[in-house]
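Structure first, then comments.
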Amino acid sequence: MKSFRTRFAPSPTGRLHLGHALAAKVAHDLARKNGGEFLLRHEDIDGSRIREAYYAGIEEDLRWLGIDWDEEPLRQTDRLPAYAQALKSLQDQGFVYPCFCTRRDIQNEIATMASAPQGPEGPLYPGTCRAIDPLEAQRKIQAGQPHAWRLTANQAAKQSGPLTFTDLRFGKIQVDPLLLGDVVLARKDIGSAYHLAVVVDDAFQKITHVTRGEDLLPSTHVHRILQSILKLPEPQYLHHQLVLDETGKRLAKRNDALSLATLRENGATPESILQKIQLSSAI
Ligand code: GLU
């Protein structure tokens with residue numbers, strides 16, 4: 001195994017678009033330039049929107065772009081026991097608490113607060129269930145009440161002490177442990193969630209350089225805390241610029257006209273795609 005490893009981690013909820021082409025290319029080229037390995041991971045734990053045909057579609061889009069990967073692609077749905085084990089470790093250490101709130105409960109709670117805690121993208125979870133007595137929480141769980149598990153961010157920060165991460169574009173960044181507040185680490189329905197799965201898998205796949213869009217920069221603060229309390233290695237990071245649509249908004253799967261498959265049908269070549277995404281100015 002090479003000592004330089006990157007990955008691309010799309011969700012099979014649609015075909016790849018220009019934004020994914022950039023993300024894949026950044027990770028692929030960084031690995032290849034450094035004589036390293038590039039891995040593919042299907043982030044497929046959000047079951048409701050996953051379609052079997054998209055796994056193959058993603059792989060076809062990548063091959064068409066000239067992007068090849070090492071090893072069998074990882075599917076997060078095959079990794080649920082590993083996430084459960086990590087969650088158990090966090091439970092045993094007292095760094096998570098069960099949250100019984102519905103989306104509506106959270107909105108109502110925020111509406112009644114004079115100053116709800118704010119994150120980079122709006123109000124954070126106001127901490128309602130953090131105050132529930134552990135015995136009472138246990139009783140609710142035993143009674144079968146659906147619950148998520150949330151990070152007790154301030155407790156975890158106390159344990160991990162001051163942390164930093166290194167980004168190849170932004171340099172050294174001080175971790176702000178409360179930036180995203182008490183994030184969900186295990187959803188009610190699937191027993192895991194993005195933040196937990198991604199740190200567990202980056203360690204499992206021995207990723208040395210995590211590359212992804214700069215919209216995920218705030219998440220890295222949470223990931224460093226999780227790596228610290230789960231005793232996982234610290235990768236380096238590269239948060240690249242995003243490809244924006246003509247209105248300046250981040251591309252989403254609903255921008256169907258910009259899917260690689262559609263562009264290709266309309267005559268685009270891999271070269272014209274690479275030109276469009278302006279790789280060199282994104283990093
Ligand atoms: N699945 C995420 C995305 O498509 C990538 C997550 C990551 O790279 O950590 O934006």
### Message
Quick check: net charge around Asp44, other residues with Cβ under 11 Å of its Cβ, Lys/Arg +1 and Asp/Glu -1?
### Response
+1
### Message
At 1.4 Å probe size, with the rest of the protein present, what percent of the exposed accessible area of the chain is carbon and sulfur atoms?
### Response
50 percent
### Message
Could you compute how fast the chain diffuses translationally, taking Rh as the Kirkwood radius over C-alpha pairs and applying Stokes-Einstein at 4 °C with viscosity 1.567 mPa s? Give it in µm² per second.
### Response
64 µm²/s
### Message
Report, to one decimal in Å, the Kirkwood hydrodynamic radius for region 132-188 based on all distinct Cα pairs.
### Response
13.8 Å
### Message
5 Å is the cut-off here: which amide hydrogens, built 1.01 Å from N in the peptide plane, fall below it relative to Gly119, excluding neighbours closer than 5 in sequence?
### Response
Leu124
## Note on the structure
In deg cm²/dmol, rounded to the nearest 500, the helical mean residue ellipticity at 222 nm of the chain, built from -39500 (n - 2.57) for every DSSP H run of length 4 or more, is -11500 deg cm²/dmol
### Query
Quick one: helix 52-65 against the long Cα principal axis of the chain, what's the angle to the nearest 10°, folded into 0 to 90?
40 degrees
### Task
Provide the net charge surrounding Ile110, with neighbours chosen by a C-beta distance below 14 Å and charges set as Lys +1, Arg +1, Asp -1, Glu -1.
-2
### Message
Give me the 1.4 Å probe accessible area per residue for region 202-283, excluding ligands and nucleic acids, in Å².
### Response
51 Å²
### Task
Using the Karplus curve 6.51 cos²θ - 1.76 cosθ + 1.60 with θ = phi - 60°, work out ³J(HN,Hα) for each residue of region 179-192 in order, rounded to whole Hz, and write x for Gly and Pro.
3, 10, x, 7, 5, 6, 9, 9, 6, 4, 7, 10, x, 8
### Task
Could you list the GluC sites (Glu not before Pro) in region 11-97 that lie in coil according to DSSP, counting only those with at most 16 other Cβ atoms within 10 Å of their Cβ?
Glu71
### Query
How about region 98-178: which GluC sites (Glu not before Pro) there lie in a loop by DSSP and see at most 16 other Cβ atoms within 10 Å?
Glu121
### Query
Helix 194-204 sits at what angle to the longest principal axis of the chain, using alpha carbons and giving 0 to 90 degrees rounded to 10?
60 degrees
### Query
Using the Cα atoms as the points, what is the convex hull volume per residue of region 158-268 in Å³?
160 Å³
### Query
In the chain, which longest range has no trypsin sites (Lys or Arg not before Pro) that are both DSSP loop (not H, G, I, E or B) and surrounded by at most 11 other Cβ atoms within 10 Å?
52-230
### Query
Taking H as built 1.01 Å from N, whose amide H comes closer than 5 Å to the amide H of Leu238, not counting residues under 5 places away?
Leu168, Val210, Thr211, Arg212
### Message
Counting heavy atoms of the protein chains only and a 1.4 Å probe, report the per residue accessible area for region 1-107 as a whole number of Å².
### Response
45 Å²
### Task
Calculate how many DSSP beta bridges within the chain are antiparallel, expressed in % of all such bridges and rounded to the nearest 5.
55 percent
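The values are calculated or read from the model by the stated rules, or taken from the named source; none is laboratory data. In this text, all values refer to a predicted model and were calculated from it rather than measured experimentally. As a convention, Cβ positions derive from the backbone with ideal geometry for all residues, glycine included, and neighbour counts pool all protein chains shown. To get the accessible areas, we keep the full protein, side chains included, count just its heavy atoms, and leave off ligands, DNA and RNA. Shrake-Rupley method; radii C 1.70, N 1.55, O 1.52, S 1.80 Å.
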